[in-house]
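The values are calculated or read from the model by the stated rules, or taken from the named source; none is laboratory data. All values derive from a computational prediction rather than experimental measurement. Using ideal geometry, Cβ is built from the backbone for each residue, glycine included, and neighbour counts are taken over all protein chains shown. Heavy atoms of the whole protein, side chains included, go into the accessibility calculation; ligands, DNA and RNA do not. Shrake-Rupley method; radii C 1.70, N 1.55, O 1.52, S 1.80 Å.
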Amino acid sequence: MRRDPSILHLDLDAFFAAVEQRDKPSLRGRPVVVGGTGGRGVVSTASYEARAFGARSAMSTIEARRLCPPGTAFLGSRFAAYRRTSDVVMALLRELSPLVEPVSIDEAYVDLAAGDHDLSVAGVTALATDLKARIAAATGGVTGSVGIGTSKAIAKIGSELRKPDGLTVVPPGQELDVLHPLPVRSLGGVGPATAERLHQIAVTTVGDLHRLSLVDLTSLLGQAHGTGLHRLARADDDRPVVADREAKSVSAEETYARDLSDPVRLGAEVDALARRVGTRLRSSGTSGRTVTLKVRRPDFSTLTRSSTLPQPIDDPRLIAEVAHRLLAGIDRHAGVRLLGVGVSGLATFVQGDLFALDEPPTTTDLPVDESPDPEQPAPTAAVPWYPGQDVEHDEHGAGWVWGSGLNRVTVRFEGPRTPPGRVRTFAGDDPALRPGSPPDWTPPDPSAPDPSGPDPSEPDPTPPDPTAAG
DNA sequence: TCTGGGGTCCTAGGACCC
DNA sequence: TCTGGGGTCCTAGGACCC
């Protein structure tokens, strides 16, 4: 716990759905559900309009369709678009402090003490108010909830307290007043299993938890977890904000629309997963010694088999070879619902200047503006375009806003009809620019779903793009 | 047609070593 | 006729997070 409320936590509100509503104005004010649209899909994000009907993250899409009214948009995920908007937000955070720790695409901690700020309650309140306004302006209306306090745990809880578009500053000394009435479930690290064990001994709030001894907690939950919760209940949390965390594993997995049992097909799927993992390892310049194969059976039981090699590898063929061996040792007679391939025990190649990875975009007919700075979005008052926003253009196909200035917008195209990386500027009021490529909105059909199941020859309408780096 | 995909961290047992 | 006490590495599974 620090003396000043110097830890800020930002959580973007219903992020995927918010980006979709920004890029497609017709979706604004309507329930939007983003996630897997196939038979085994689950919801990634439900807009607040959809939450009003009970749609929630991690719920099966089938159930969300049952709950939401006609007119609800069910959309596949467009990770590249979310990544671009996330990058804009993270750049704004890095203007506040060099110590920014992204937790996920829509969440980050900032250590304000590493910047030059007034750390009084009034000071950080003003800072956060300004930050929220700048995020909304730079992203075209995506909002975030902010919590600020003396530790990561308190900041995170603060951002949860008022959502969406909230701001909570917990003044130093008032941590326990905020913490103790909350359900134990609101502490990070308390999931369904831990909550259930605690409920069995009549512990439902953080205040209840505070009354348990360290010995009680560690004997109930294990050493690390027990100690961690004992401290959290006392707001005793000095975890640092760590920028640039290194990845510890890389994996790819897929749940199949229909369970697999054909050995040839299984082998081909393992190859495809190994290829995805190897490609990502190589693009990040890393390799690993342990290959793990994951198999989920139709009854949802999940098992893993792993093998550690003497040397780190990143070659998709080698990864596949190991994974094939591991698969051979698993009984697949009941069928396979999911396959996964992962590599861990990562070792970063240190090759100095051999790799200059920051190659500029392929610039074609753009004499100016070739290095628009996403960290410094120019004033956009006269131009309703935001960095990261998807646009459509008659001549060039789909693109996204790379940078914008007064009456001028720079668009980077990567659609099927243009060479990747093509960059052009337009007048901000160019009528050829339109927000959003049409999302693959599937109108809700009361007579759906198709009882024959998805056609395996039909590609997923929005396949995830594992190579998308934003 | 219940239950995705990408991760992190912890535990526990066995092997092995000093 | 006995069995200690660490430490590290590996494997498998599970809880949890977004």
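At 1.4 Å probe size, with the rest of the protein present, what percent of the exposed accessible area of segment A:249-349 is carbon and sulfur atoms?
49
Would you kindly state how much longer the chain becomes between residue A:160 and residue A:265 on full extension, computed as 0.36 nm times their sequence separation minus their alpha carbon distance, in nm to one decimal?
Working it through step by step, the gained length comes to 33.3 nm.
Report the Cα-based extents of segment A:188-270 along its three principal axes, largest first, to the nearest Å.
Rounded to whole Å, the extents work out to 57, 37, 19 Å.
If you take the alpha carbon radius of gyration of segment A:188-232 and divide it by 2.2 N^0.38 Å, what ratio comes out, to two decimals?
After normalising by residue count via 2.2 N^0.38 Å, the value is 0.98.
Figure the gain on full extension for residue A:244 and residue A:258 (residue separation times 0.36 nm, minus the Cα-Cα span) and round it to one decimal in nm.
1.1 nm
Once you treat every alpha carbon in segment A:249-349 as an equal point and sum by Debye, what is log10 I(q)/I(0) at q = 0.15, 0.18 Å⁻¹?
-0.53, -0.74
Under 5 Å between amide H atoms, partner at least 5 residues away or on a different chain: which partners does residue A:99 have, H built in plane at 1.01 Å?
Residues meeting the amide H criterion: A:111.
Mind giving me the FRET efficiency for residue A:186 and residue A:427? R0 is 41 Å, r the Cβ-Cβ distance, nearest 0.05 is fine.
Once rounded, the FRET efficiency stands at 0.25.
For residue A:163, give me every one of the lysines with a C-alpha distance below 26 angstrom, ignoring sequence neighbours fewer than eight places off in its own chain.
A:24, A:132, A:152
State, to one decimal in nm, how far the label point of residue A:214 lies from the label point of residue A:104, with both points 7 Å from Cα in the Cβ direction.
Going from the residue A:214 label point to the residue A:104 one covers 3.2 nm.
For residue A:248, which lysines qualify as cross-link partners when the Cα separation must be under 18 Å and same-chain residues fewer than eight apart are set aside?
A:294
Stretch residue A:120-residue A:302 to full length: gain in nm at 0.36 nm per residue minus the Cα-Cα span?
Extending this stretch completely gives an extra 60.5 nm.
So how long is each side of segment A:1-94 along the principal axes, counting just the alpha-carbon atoms, biggest first, in Å?
50, 28, 25
Are there any GluC sites (Glu not before Pro) in segment A:200-267 that are in a DSSP loop and have at most 13 other Cβ atoms within 10 Å? List them by number.
Sparse-neighbourhood loop GluC sites (Glu not before Pro): A:246.
May I ask you to give the solvent-accessible area per residue for segment A:42-172, in square angstrom, as obtained with a 1.4 angstrom probe?
That works out to 37 Å² per residue.
Enter the Cα centre distance for the pair segment A:293-314 and segment A:232-291, rounded to the nearest angstrom.
Centre-to-centre (Cα) distance: 11 Å.
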